[in-house]
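Below: the structure, in structure tokens.
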Amino acid sequence: MVEIYAAALINGLLIGGVYALVALGLTLIYGVLHIVNFAHGSLLMVGMFAAWLMAEKLGVHPYAALPVVALGMFALGWLLYRLVIGRVSRGEDRAILLATLGVAVVLDNLFLTLFGGDTRQIESDLTFAVIELGPLLLSVPKVIAFAVSLLLAGALWGFMALTDTGRAIRAVAKEPEGARLMGIRPERIFALAYGIGIGCLGAAACLLLPSFFVSPHVGSVFVLVAFTIVVLGGMGSFPGAVVGGLLIGVTESMGGLWLGESLGPIGISLVFIAVLLFRPTGLFGAAR
Amino acid sequence: MLEVRGLHAGYGPFAVLHGIDLDVAEGEIVAVLGANGAGKTTLNRALSAVIRPTAGNIRFEGAEITGAGHDAVVRAGLIQVPEGRKIFPNLSVRDNLLLGAYLRGRPNRARNLARVLDIFPRLGERLGQLVGSMSGGEQQMLAIGRGMMAEPRLLILDEPSLGLSPILTEELFALIGRLNAEGLAILLVEQNVVQSLAIAGRAYVIEHGVVALQGDAAALADDPRLRAAYLGLA
Ligand SMILES: Nc1ncnc2c1ncn2[C@@H]1O[C@H](COP(=O)(O)OP(=O)(O)O)[C@@H](O)[C@H]1O
Ligand SMILES: [Mg+2]
């Protein structure tokens, strides 16, 4: 009995690490910049297809492809912001919403046309590799994703806290005119930060690939969860995103155990509501 | 050092400034006075290239800066402490100050920070604090400190005494005098007419987007037209 719970807990933590990974880029884009990025799931899907293509056509393992995919996704995010989102929105929230939604629709249908609706997977030695921990079996790709999400959260936190660009990113979202008067160019900072967020998503895509299927719809599995985690973590806190992701993962896994697969997700809503009732600014949110 | 000629600016089709001429020489304090809505802040925003002038030109230290990017203006040393302060509420005092030096090299930062903290010791006690929770006076100190971090050659202050107590206003004007005595040129936009004219060498009175009066500050202080213009009665 104890073992079942221990296994569910460990599995929850591991899947939570994966969720956190997807939520990190969104923490920057939605939590810090306040861009409601409906294209987040679609861009994750693009990243996964990029990694899948590199594995399938070039024989490059997704982990080896990570730097290239992350850089490529950074460039894609930067371009999307410069050419579409920034231009359409001109800083208006409603327009940003529509712009990112439009990007999502275009990407989803483009990939549906190009690749069809089938799910695909790569063949890798790692896919079914496990670490035995006493009676527990830990999926190796998920352990790696978990570890990288911790590292990436730390790196992002350091970048935002300690560099000029990180400070500027935090500043432009709240006070663009004040930033201009210090010589900061908000449009550049927004594009850069959006690119970095999407680059993180590219890294997440490579880490997901060994243990997840790819299809044009894969993004929708993660996108709501990712938004939930960003709010739960405290809108813009990277440690908060990790803890929020783990909490959601464990809740989902425990909920499945107690309430069954179909009712399990209710637990996520309950935890979400409970946290925001007691801490309206989220787990790691700044008091306001 | 600053020469403004025939400056027109506004917001879209709504013209606010209708041909402003204004000069600031090295080491001067120049006051810009005028009723609410006269166009003082619009003038400042055009000078800092936050909005684009529709006509006229601006020269700073001999170089044409009309139509330059707002970052180029900051790099040239024309720095503004804006109306309403516009500090970064979600950042710490330290991060606000460091962003003042966004376009300045790292070597000077430590020295400039030490200088700002020397002028405003209270900021030093609050370096890690988020500025959203500070008092109005502290926020104004921070706004000026952030401006100083940008190594200004000319500092524009837009209604710095707004919302400050009489004592803090007194301190503020003393500080402005002190910065000026160290050689910094200052363009001081104020509602506080008496104190501004006492500290400034020259002054301009703006009314409905044009210069209604200008001249020696001491002479203007006694000019009956000043009150009329200021109250918008002229
Ligand atoms: N962002 C804006 N958009 C449109 N009109 C504005 C804007 N800011 C100020 N105005 C208008 O421009 C005029 C001058 O305002 P402003 O320059 O702020 O005056 P002052 O600083 O002298 O009080 C006012 O009529 C004001 O309503
Ligand atoms: Mg004003």
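Every read-out reported here was derived from the displayed coordinates using simple, explicitly stated rules and does not represent laboratory data. From a predicted model like this one, the values you see are computed outputs, not experimental measurements. Here the Cβ positions follow ideal geometry from the backbone for every residue, glycine too, while neighbour counts run over all protein chains shown.
Is region B:147-161 home to any residue that is small (Gly, Ala, Ser) and either within 16 Å of ligand 1 (Cβ to nearest atom) or more than 14 Å from chain A (Cβ to nearest Cβ) (or both)? Explain how you work it out, then say what you get.
Taking region B:147-161 first, the residues small (Gly, Ala, Ser) are B:147, B:150, B:161.
From the residues that got through so far, the ones that are either within 16 Å of ligand 1 (Cβ to nearest atom) or more than 14 Å from chain A (Cβ to nearest Cβ) (or both) too are B:161.
Scanning region B:147-161 turns up at least one residue that is small (Gly, Ala, Ser) and either within 16 Å of ligand 1 (Cβ to nearest atom) or more than 14 Å from chain A (Cβ to nearest Cβ) (or both).
Condition first: away from ligand 2 (no atom under 16 Å from the Cβ) and either within 14 Å of chain A (Cβ to nearest Cβ) or outside any strand (DSSP E or B) (or both). Now tell me which residues in region B:45-59 satisfy that.
Restricting attention to region B:45-59, the residues satisfying the condition of being away from ligand 2 (no atom under 16 Å from the Cβ) are B:49, B:52-59.
Within region B:45-59, B:ALA49, B:ARG52, B:PRO53, B:THR54 qualify.
Please go through region B:169-214 and give me each residue that is crowded, with 20+ Cβ neighbours inside 10 Å and among the aromatic types (Phe, Trp, Tyr), ordered by number.
Selection gives B:TYR204 alone.
Could you check, for region B:72-82, whether at least one of its residues is β-branched (Val, Ile, Thr), under 16 Å from the mean Cα position of the chain (by Cα) and within 16 Å of ligand 2 (Cβ to nearest atom)?
Residues of region B:72-82 that are β-branched (Val, Ile, Thr), as a first pass: B:73-74, B:79, B:81.
From what's left, under 16 Å from the mean Cα position of the chain (by Cα): B:73-74, B:79, B:81.
Retained after the next criterion (residues that are within 16 Å of ligand 2 (Cβ to nearest atom)): B:81.
Yes, there is a match, as at least one residue in region B:72-82 is β-branched (Val, Ile, Thr), under 16 Å from the mean Cα position of the chain (by Cα) and within 16 Å of ligand 2 (Cβ to nearest atom).
For the subset of region B:153-168 comprising residues that are under 19 Å from B:HIS70 (Cβ atoms) and crowded, with 22+ Cβ neighbours inside 10 Å, which member is farthest from ligand 2 (Cβ to nearest atom)? Spell out the reasoning first.
Here is the first cut: in region B:153-168, the ones under 19 Å from B:HIS70 (Cβ atoms) are B:153-158.
Now drop any that are not crowded, with 22+ Cβ neighbours inside 10 Å, which leaves B:154-158.
On the way: B:LEU154: 18, B:LEU155: 16, B:ILE156: 12, B:LEU157: 11, B:ASP158: 6 Å.
By that ranking, first place goes to B:LEU154.
Specify which of the listed residues (A:ILE184, A:ILE196, A:ILE169) is assigned to a loop (DSSP other than H, G, I, E, B) and buried (at least 20 other Cβ atoms within 10 Å of the Cβ). Show your work before the answer.
On the way: A:ILE196 fails: assigned to a loop (DSSP other than H, G, I, E, B); A:ILE169 fails: assigned to a loop (DSSP other than H, G, I, E, B).
On inspection, the qualifying residue turns out to be A:ILE184.
From (1) part of a loop (DSSP other than H, G, I, E, B); (2) within 15 Å of B:PRO82 (Cα to Cα), pick out the condition that doesn't hold for B:GLU151.
(2)
Which residue pairs have Cβ atoms closer than 9 Å, lie 6 or more positions apart in sequence or on different chains, and pair a first residue in region B:33-44 that is in a helix (DSSP H, G or I) with a second residue that is near ligand 1 (Cβ under 6 Å from one of its atoms)?
Matching pairs, first to second residue: B:LYS40/B:GLY34; B:THR42/B:TYR11; B:THR42/B:VAL16; B:LEU43/B:VAL16.
Based on this model, can you work out whether A:LEU152 counts as part of a helix (DSSP H, G or I) and more than 21 Å from A:LEU26 (Cβ to Cβ)?
Working: part of a helix (DSSP H, G or I): yes; more than 21 Å from A:LEU26 (Cβ to Cβ): no.
Taking the combined requirement at face value, the residue does not satisfy it.
Can you tell me which residue in region B:18-40 is nearest to the other protein chains (Cβ to nearest Cβ), limited to those that are away from ligand 1 (no atom under 13 Å from the Cβ) and closer than 13 Å to B:VAL210 by Cβ?
Ranking the candidates gives B:LEU22 first.
How many of the residues making up region B:68-101 are without any contact (Cβ under 8 Å) to a residue 40 or more places away in the chain, within 8 Å of chain A (Cβ to nearest Cβ) and part of a loop (DSSP other than H, G, I, E, B)?
1
Return the residue satisfying two criteria in turn: it lies in region A:99-116 and is in contact with a Phe, Trp or Tyr (Cβ under 8 Å, 6 or more places away or on another chain) and closer than 17 Å to A:SER89 by Cα, and of such residues it is surrounded by the most Cβ atoms within 10 Å (Cβ to Cβ). Write out each step before concluding.
Initial filter on region A:99-116 (in contact with a Phe, Trp or Tyr (Cβ under 8 Å, 6 or more places away or on another chain)): A:100-101, A:103-104, A:111, A:115.
Going one step further and asking which of them are closer than 17 Å to A:SER89 by Cα, we end up with A:100-101, A:103-104.
Values: A:THR100: 26, A:LEU101: 15, A:VAL103: 20, A:ALA104: 21.
That would be A:THR100.
Just the residues that are of a type in the set (A, V, I, L, M, F, W, C) and not in a helix (DSSP H, G or I), please, taken from region A:56-109.
The initial filter retains those residues of region A:56-109 that are of a type in the set (A, V, I, L, M, F, W, C), namely A:58, A:60, A:64-66, A:68-71, A:73-76, A:78-80, A:83-85, A:88, A:95-99, A:101, A:103-107.
Across region A:56-109, the qualifying residue is only A:VAL60.
Can you tell me which residue within region B:41-68, out of those that are more than 20 Å from B:GLN214 (Cβ to Cβ) and charged (D, E, K, R), is nearest to ligand 1 (Cβ to nearest atom)?
B:ARG45
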